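In what follows, a structure is listed as structure tokens, so that the remarks can point back to it.
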């Protein structure tokens, strides 16, 4: 890729190790279900059901590199493997085959409260989230008040998360993720919940991170958001990497394949 401008800064090809390197990544889920017995099998096995193992190949040989200081958008239909990919990059899912190399501290915002304990208070989950990304207790304590102030949850931070609304949970999860000074921030549709004020505040914080040249991976069905925020994009289809390029190129190819009218895509306000 050549040199180009993004949000007022020049984007250069990276000569150093990439922030993320994915090589021939495959992830296969093994699920079991109870198969209803036929009359013949019932007579043989006294009517007991039979456990059947089914394999679901969520990712198939995905390979790409993301240079540092870039923002990667991942697009694709439901079931394309987008969430599986970011969970694998985050270290939550082990690869069935292939290799993932990460250079930097990763903070993940995969869904509301993923990794949080719903029985613990907001303050306790701030500590839990900080420890999970490698900070010491003292380092998290130093950031706690800043995070608490950003959430604007007040006394609710003393209460268990199970008492929170989805919007309140979104505020806490987002605040913890973005205030841990990540080298790489991974976001998977986590901002789709919350009121307009939260979404505006969250987008402002994301733009602040971008201005500080962090690396980011963003999964969203809001294609206008991907085109606005991202420097790079990939298109996944049924677990296969179909295309890597600029957001404009990838989104155009994706829309053409699905027959979607580009003027009908979700806007950033709907993210």
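Observations, loosely collected:
- Just one of the listed residues (128, 120) is out of contact with any strand residue (DSSP E or B) (no Cβ under 7 Å at 6 or more places or on another chain) and surrounded by 15 or more Cβ atoms within 10 Å (Cβ to Cβ), namely 128.
- Looking at 48, 68, just one residue is more than 26 Å from residue 220 (Cα to Cα) and either surrounded by 15 or more Cβ atoms within 10 Å (Cβ to Cβ) or at pLDDT below 60 (or both), and that residue is 48.
- Qualifying residue in the stretch 203-220 (condition: in a helix (DSSP H, G or I), touching a helix residue (DSSP H, G or I) at 6+ places or on another chain (Cβ under 8 Å), surrounded by fewer than 21 Cβ atoms within 10 Å (Cβ to Cβ) and at pLDDT 90 or above): no
The values are calculated or read from the model by the stated rules, or taken from the named source; none is laboratory data. The structure displayed is predicted, hence computed values, not measured ones. A quick note on method: Cβ atoms are made from the backbone with ideal geometry, for glycine too, and the neighbour counts reach across all protein chains shown.
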